[in-house]
Every structure is written in structure tokens, then in C-alpha cells.
Amino acid sequence: MLKVYLSGEIHTDWREQIISACAGLDVEFSAPVTDHAGSDDCGVAILGAEPDKFWHDNKGAKVNAIRTRRAIGEADVVVVRFGEKYKQWNAAFDAGYASALGKSLIILQQPEHDHALKEVDAAALAMTRTPQEVAQILRYVLSGELPG
């Protein structure tokens, strides 16, 4: 079984596209919490309110890091999606963390981010443009099948 962690942008259905395109493959997918409010507020919901937004966010980031570190550590492949609308600093951090752990890294991005992500792309084993390309790589890794 191939364990794949799907990191990054949470505002589109790219994860579902990859999972659907990998139907029938021996793949186990994991991901961060994609409910934006839930992810942002997990720290204060569990550990208590913070009047200062910095400490509110700090608690949430640390609680989320427990989940993220575990999932990336257990993954064989880490896919990081950089979306169009927001700067995803957390996605870049996940890519760096995965790279430091020696994980196979696949980046999913649009051409307008090529320059900004050149160092991230250089650490990746593949840089893709579509969820279908990611799924085709995973299919090839598991079965040796080429698209067509």
C-alpha cells in the first residue's frame, strides 16, 4: 500500500479529483483538516480562549502540527498543492518538512507560481499542473501503467 499525504490549498476539490482518479489502486490518502474555521480554531477550542490573535493562531498551528508531522512522517509520498488565490506559507513549510525527511515530493501548481516556487520545485521529484497528472504518477508508481 502506498501512503499519500495531500497537503496545501483547501478551497478547491483537487484532493477529491486525485482520490477519484486513483480508484482501484492500493493507496491510502491522508490530509490536513480542510475545514478552515475548524483548523484555525482547534487550539482555542481544546486549550482555551486567547484574547490576542497571535496566540490564538499559535495554539492552532501547534495542535495542527501534531497531526501534520504524524501524517507526513507516515507518508510514502507527499503531494503539495499551491492554489491560485492565497499565499500558502503552510504548504511551503510542509514541502520543506517532507523534503527534509526524504519523502517523495510531488508539487501541484499553476505556471504563474513557477518563479516563486523554484526552490520548492527543485526539491520535488515531480512538478505537476493538474490533479490528473498526480494520479497518473501514483498509478505509474504502483502499476507501471502509462496513461493512454
| Projected area, mean over directions - the chain, Cα convex hull, nm² | 9.4
| How much of the accessible area of the chain, in percent, comes from carbon and sulfur atoms when a 1.4 Å probe is used? | 56
| remark: For E74 and A122, extending 7 Å from Cα along the Cα-Cβ vector and measuring point to point gives, in nm, a value of 3.4
| remark: Computed over the chain, protein heavy atoms only, probe 1.4 angstrom, the accessible area per residue in square angstrom equals 58
| task | Quick one: net charge around T68, please, counting Lys, Arg +1 and Asp, Glu -1 for every other residue with C-beta under 12 Å from its C-beta. | result | +2
| field | Eligible lysines near K59 by straight Cα distance, threshold 24 Å, same-chain separation 8 or greater | value | K87
| request: Calculate, in nm to one decimal, what L101 and N58 gain on full extension: separation in residues at 0.36 nm each, minus their alpha carbon distance. | output: 13.1 nm
| Nearest-0.05 FRET efficiency for R129 and H36, computed from C-beta distance (R0 22 Å) | 0.35
| field | Cα centroid of region 43-76 to Cα centroid of region 116-136, whole Å | value | 27
| Where a ≥ b ≥ c are the square roots of the eigenvalues of the C-alpha gyration tensor, would you call region 91-148 rounded, which needs a/c under 1.5, or, failing that, prolate if a/b is larger than b/c, or oblate? | oblate
| Taking the Cβ-Cβ separation of K87 and S143 as r and a Förster radius of 30 Å, what is the calculated FRET efficiency to the nearest 0.05? | 0.25
| request: Could you please report the charge total around A49, scoring K, R as +1 and D, E as -1 over all other residues with beta-carbon less than 15 angstrom from its beta-carbon? | output: -3
| For region 45-103: span of alpha carbons on each principal axis (Å, largest first) | 38, 28, 16
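The values are calculated or read from the model by the stated rules, or taken from the named source; none is laboratory data. Because the structure is predicted, anything quoted here is derived from the model rather than measured. Don't worry about glycine lacking a Cβ; one is built from the backbone with ideal geometry, like all the others, and counts go over all protein chains shown. Only protein heavy atoms, including side chains, enter the accessible area calculation; ligands, DNA and RNA are left aside. Shrake-Rupley method; radii C 1.70, N 1.55, O 1.52, S 1.80 Å.
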